[in-house]
Every structure is written in C-alpha cells, then in structure tokens.
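Here is the structure we will look at.
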Amino acid sequence: MSDKSQEILLGDSIEPPEFDSDERQLEFRDEKAEYESNVIDILDHVGNLDFKFVYLDFIPAIKRQTFNRKRRFVQKLLEKIAEVYDFEFAYEPELDTDYELDEMLLFVEFLEFNNIRFLSYVWGFLKQDLIRIDIWDYCKKNDMRIIRETEEQLDTHPQPKWISKFLRTYYKEKFIDWFATNSEQSKVEIQLEIYEREGKLNG
C-alpha cells in the first residue's frame, strides 16, 4: 500500500471526536476511503512487475462498488496506461455497461500479465527456445517477423475486441518492447506452455 493510499484510508476512516454521524454515514465513509485507497494502489503499480499481485488483491473489492465508481476506476486506469505505455485506442471506448467495463479490464489484464498463452502461440511458430536465446536481441532483429506472426495468430486464435485492437495498433517499436519485456518476464511459463501443447512434457 502506498503512503498516499494509506493516508486516504486512515484519514477518511477515523472520525473526529466532534463529528456526530450515524452508523450508515460512517460505513459509507469507510467504504469510500477503502475504494479510493485501492484505486491509488493499483494505479501506482501500472507497468510494474508486481502489478498482478496488487491488482488481484484489490480488484474484487472494486468490482463490488457502484457502477459509477467502477466506471471512474476504469477511466483512470486507461489514463494511467496512456501515460505509462503511450497507448490509447483510436476512439474512446464506451463504458456504459458492466459488460463493457469487464471487457476493458480483460484488456488491462492482458497488457499487464495475462498474456502467456497468446505469447506462447507466437513463439511456438517462431521456433525459438526462450530459455536459451537472448530474447531482446532476437526481438530487435526479427521485429517484422514477430509482427507478422502476431497478426497470423490473431486470425488463428482470436482475442477479445480491445486486446485485438491493442495488438494491431500499438506503435511497432513500442509493441516489440512490450512483446520482449513480457516474454522475458514469463519465459519459463511460455516455454512450458509450448512444450505442453507440443506434447514434450512427460506425464
């Protein structure tokens, strides 16, 4: 928990002695403080290695909030992604239903951590052993091949709408950086996924 989120949580949760409110008002204030603290913690970790753990810890509580609060959270998340990744969709996504919010969260999860299976499809056809190669060097030297293979795998293994738009529209250089970073971070899991699919794992 960041200092800022802790300050919000403690500051809003402690009632001044002279403040006379009923139990429902106190409960509302505590819930609002917890929501704001959770949002800050998630936003502060976008693009960091530990985003997955912070996100999975706090997202259940955020999903229990009112629709308007969930919508504001997703909007702030997209703003943070634009800042960290220099990526925005060509047009502003509609966020008018719970389904649309969930679609956008699927994109965020893919961007940050839930991309191992798709990356394994691409690497499986590139025929490289991620444990043995210099991933960054390979990606820089074979950028167009990776982009072409990504397109082909999107046709073979279609992804949810916003994930597909990201994979097809992200700047080439930044996409290769994203691809290499996530491949390096999850190379063992990706390689195991390939081995399992190809039947190279025992038992």
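Per-residue answers, yes or no, for (1) in a loop (DSSP other than H, G, I, E, B); (2) touching a Phe, Trp or Tyr at 6+ places or on another chain (Cβ under 8 Å); (3) closer than 28 Å to Ala33 by Cα; (4) in contact (Cβ under 8 Å) with a residue 60 or more places away in the chain:
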| residue | (1), (2), (3), (4) |
| --- | --- |
| Val74 | no, no, yes, no |
| Leu77 | no, no, yes, no |
| Met104 | no, yes, yes, no |
| Asp129 | yes, no, no, yes |
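Looking only at the stretch 92-102, decide whether some residue is in contact with a Pro (Cβ under 9 Å, 6 or more places away or on another chain) and either assigned to a helix (DSSP H, G or I) or not assigned by TED's automatic domain parsing to the domain that holds Ile176 (or both). Yes, some residue in the stretch 92-102 is in contact with a Pro (Cβ under 9 Å, 6 or more places away or on another chain) and either assigned to a helix (DSSP H, G or I) or not assigned by TED's automatic domain parsing to the domain that holds Ile176 (or both). Entry remark, the stretch 32-64: residues being buried (at least 18 other Cβ atoms within 10 Å of the Cβ), out of contact with any Asp or Glu (no Cβ under 8 Å at 6 or more places or on another chain) and not aliphatic (A, V, I, L, M) number 6 in total.
Residues in the stretch 137-144: is at least one in a helix (DSSP H, G or I) and in contact with a Phe, Trp or Tyr (Cβ under 7 Å, 6 or more places away or on another chain)? Give the steps one after another, and end with the answer.
Of the residues in the stretch 137-144, the ones in a helix (DSSP H, G or I) are 137-141, 143-144.
Imposing the further condition that a residue be in contact with a Phe, Trp or Tyr (Cβ under 7 Å, 6 or more places away or on another chain) reduces the set to 139.
Yes, the conditions are met somewhere in the stretch 137-144.
Applying the criterion of being of a type in the set (S, T, N, Q) and surrounded by 19 or more Cβ atoms within 10 Å (Cβ to Cβ) to the residues of the stretch 166-203, the residue that is nearest to Tyr85 (Cα to Cα) is Asn182.
The values are calculated or read from the model by the stated rules, or taken from the named source; none is laboratory data. This structure is a prediction, so every number in the text was calculated from the model and none was measured. FYI the Cβ positions are ideal-geometry reconstructions off the backbone, even for glycines, and counts take in every protein chain you see.
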